[in-house]
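The structure appears right after this line, and notes come after that.
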Amino acid sequence: MLEHTELFFKSIFIDNMVFATFLGMCSYLAVSKKVTTAVGLGAAVIFVLAVTVPLNWLLDQYLLRDGALAWLGPEYADYNLSFLSFILFIATIATMVQQVEIVVEKFSPALYNSLGIFLPLIAVNCAILGGSLFMQAREISSLGLAFNYGLSSGIGWFLAILAIAAIREKIRYSNVPPPLRGLGITFIITGLMAIGFMSFGGMLTGGDEVPVAEENTTAQKEKEEEKTKLEEETAQNTVTYNAIEKE
Amino acid sequence: MAILSKKDSKLILDPLADNNPITIQVLGICSALAITAELKASIVMALSVVFVMGLGNVVISLLRNVIPSKIRIIVQLVVVAALVIVVDQVLKAYAYTLSKTLAVFVGLIITNCIIMGRFEAFALGNGVKRSFLDGIGNAAGYGIILIIVGFFRELLGSGTLLGYAVLGNPIEKTGLYAIGYENNGFMLLSPMALIVVGILIWVQRSRNPALIEEN
């Protein structure tokens, strides 16, 4: 249970898809002019991520990873098909999106009207493929966790697009320097929001909980690198101070 | 350019500045920004995209009369995915550490909107040679932004370029560090990539007021 809660909050706030890894930026910038459309796209992203990440987890577990084919018999245990993961993941996503579109159109025309136009857009949204690839890279261990990861990353993306759309609606009344209007100011606001989201970084590391699992996101790595560098520098400084004091 | 007609060379030169895929068309930001903390990774990423886009545009343009329009998105995705697998395997074989830094972002070239955008907008309706030039041009426009951002982030963030300490040694206090210069570690964190691109857009649009958008 703790594992689930932790993954949930971590994917929403700390490893937020938009602010920490820049996934889905294209549609994030293009569809964030109005809050209502942003909500539609955000909901579609949550939905598709929650469906495709567990599916791709199954594919990865039973078909792609090193030794995954062992269930077919011992002679298959040596195969490693992970180089095929890009093509299989994207094919799964594209077909799933198509199927979801058909099913939703058939059974819930109301939902289709609000969600449907965004679904084809989503097949080529980097956030969706990124979700599956990060799921694979972080070696998420169970189907439940994979579903949790897809859902919570989707919610994180939804929050991000909702926030930027609200800000962009307001900013129309502000006096922005002309060359920055539109795209430029959106980039800078997103950067500032990302700085804000970085403050969530300490959320899960305090107290006596289970230590946060190791992961290889670039952001995390950069943070660690910077930390060690800072420590080195301070160590260096204290050494020099000591030397000066001795003199 | 004597080899290329004026119209053809425009295909290459336009995306480099006034029709740049990142700053003007707003395409392909997804996989671009996260890897620009080092210049080397940016250059490799730029080259990979040039390769995938040049060849991808050629393949799509060759197939353009055969693809049924209803399933064209899937066909396009499969073509890109196949090319990206080639890039990924080559990187893993010859530059393993670098491919670890780039991690999933090589895979994300598949969903790079520039590629799909150019397939849809250009390769499906034009001949092989022009599609090839268009692909190279757009990928180069994308690469240039990547390299500029990578240049500034690495220079200001860690004081190095391609791993060489160009500003002197921060620990031994040589070069610029002797007069009290400090690295700005913040440049290495992800938010600064967005802000650097924002500033690039600002500079570009101040130089060419025709590009300024309505609010």
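Is one or more of the residues making up segment B:178-186 assigned to a helix (DSSP H, G or I) and touching a helix residue (DSSP H, G or I) at 6+ places or on another chain (Cβ under 7 Å)? There is at least one residue in segment B:178-186 that is assigned to a helix (DSSP H, G or I) and touching a helix residue (DSSP H, G or I) at 6+ places or on another chain (Cβ under 7 Å).
From the residues in segment A:168-191 that are closer than 16 Å to A:V31 by Cα and of a type in the set (A, V, I, L, M, F, W, C), which one is nearest to the other protein chains (Cβ to nearest Cβ)? Once the filter is applied, the top-ranked residue is A:F187.
Selection of first residues in segment B:166-191 that are touching a residue at least 40 places away in the same chain (Cβ under 8 Å) and under 30 Å from A:L23 (Cβ atoms) and of second residues that are surrounded by 14 or more Cβ atoms within 10 Å (Cβ to Cβ) and among the hydroxyl-bearing types (S, T, Y), restricted to Cβ pairs under 7 Å at least 6 apart or on distinct chains, gives the following pairs, ordered by first then second residue: B:L188/B:S158. Can you name the residue in segment B:170-203 that is farther than 26 Å from A:D15 by Cβ and at the interface with chain A (Cβ under 7 Å from one of its Cβ atoms) and is also farthest from the chain's Cα centre (by Cα) among such residues? Among them, the one singled out is B:I171.
Total residues in segment A:168-186 satisfying the condition of being surrounded by fewer than 22 Cβ atoms within 10 Å (Cβ to Cβ) and either in contact with a Pro (Cβ under 7 Å, 6 or more places away or on another chain) or closer than 30 Å to A:T52 by Cα (or both): the figure is 0.
The set of residues in segment A:165-188 being aliphatic (A, V, I, L, M), part of a helix (DSSP H, G or I) and under 22 Å from B:R207 (Cα atoms) consists of A:L180, A:L183, A:I185, A:I188.
Within segment B:87-95, the presence of at least one residue that is touching a residue at least 12 places away in the same chain (Cβ under 8 Å) and either away from every other protein chain (no Cβ under 11 Å) or surrounded by fewer than 18 Cβ atoms within 10 Å (Cβ to Cβ) (or both) is confirmed. Among the residues of segment B:153-164, just one is touching a strand residue (DSSP E or B) at 6+ places or on another chain (Cβ under 8 Å) and either of a type in the set (V, I, T) or not in a helix (DSSP H, G or I) (or both), namely B:G159.
One residue alone among B:V166, B:V149 is out of contact with any His (no Cβ under 6 Å at 6 or more places or on another chain), surrounded by fewer than 20 Cβ atoms within 10 Å (Cβ to Cβ) and hydrophobic (A, V, I, L, M, F, W, C), and that residue is B:V166. All conditions but one from (1) part of a helix (DSSP H, G or I); (2) within 14 Å of chain A (Cβ to nearest Cβ); (3) buried (at least 16 other Cβ atoms within 10 Å of the Cβ) apply to B:T111; the one that does not is (1). Farther than 30 Å from A:G182 by Cβ and under 22 Å from the mean Cα position of the chain (by Cα): is that true of A:V104 in this structure? Spelling it out, it is not the case that A:V104 is farther than 30 Å from A:G182 by Cβ and under 22 Å from the mean Cα position of the chain (by Cα).
Within segment B:114-135, how many residues are touching a residue at least 60 places away in the same chain (Cβ under 8 Å) and surrounded by fewer than 19 Cβ atoms within 10 Å (Cβ to Cβ)? Adding up the residues that qualify gives 7. In the set A:A44, A:A50, A:A70, A:A91, only one residue is surrounded by fewer than 17 Cβ atoms within 10 Å (Cβ to Cβ), of a type in the set (A, V, I, L, M) and at pLDDT 80 or above; that residue is A:A91. When the criteria are applied in full, B:L83 meets the requirement of being within 13 Å of chain A (Cβ to nearest Cβ) and of a type outside the set (V, I, T). Does B:L167 satisfy the condition of being more than 9 Å from chain A (Cβ to nearest Cβ), modelled with pLDDT under 80 and not in a helix (DSSP H, G or I)? Criteria met by B:L167. Filtering B:I24, B:I12, B:I43, B:I29 for residues that are surrounded by 23 or more Cβ atoms within 10 Å (Cβ to Cβ) and touching a residue at least 40 places away in the same chain (Cβ under 8 Å) leaves a single hit, B:I29. Flag set for A:S141, criterion: away from every other protein chain (no Cβ under 14 Å), over 30 Å from B:Q204 (Cα atoms) and outside any helix (DSSP H, G or I). Between B:I22, B:I67, the distinction of being more than 10 Å from every other protein chain (Cβ to nearest Cβ) and part of a loop (DSSP other than H, G, I, E, B) belongs to B:I67 only. Go through the residues of segment B:145-152 one by one and say whether even a single one is part of a loop (DSSP other than H, G, I, E, B), at pLDDT 80 or above, small (G, A, S) and touching a helix residue (DSSP H, G or I) at 6+ places or on another chain (Cβ under 8 Å). Looking through segment B:145-152, none of the residues is part of a loop (DSSP other than H, G, I, E, B), at pLDDT 80 or above, small (G, A, S) and touching a helix residue (DSSP H, G or I) at 6+ places or on another chain (Cβ under 8 Å).
The values are calculated or read from the model by the stated rules, or taken from the named source; none is laboratory data. Remember, it's a predicted structure, so these values are computed and weren't measured experimentally. Ideal geometry is used to build each Cβ from the backbone, glycine not excepted, and the neighbour counts take in all protein chains shown.
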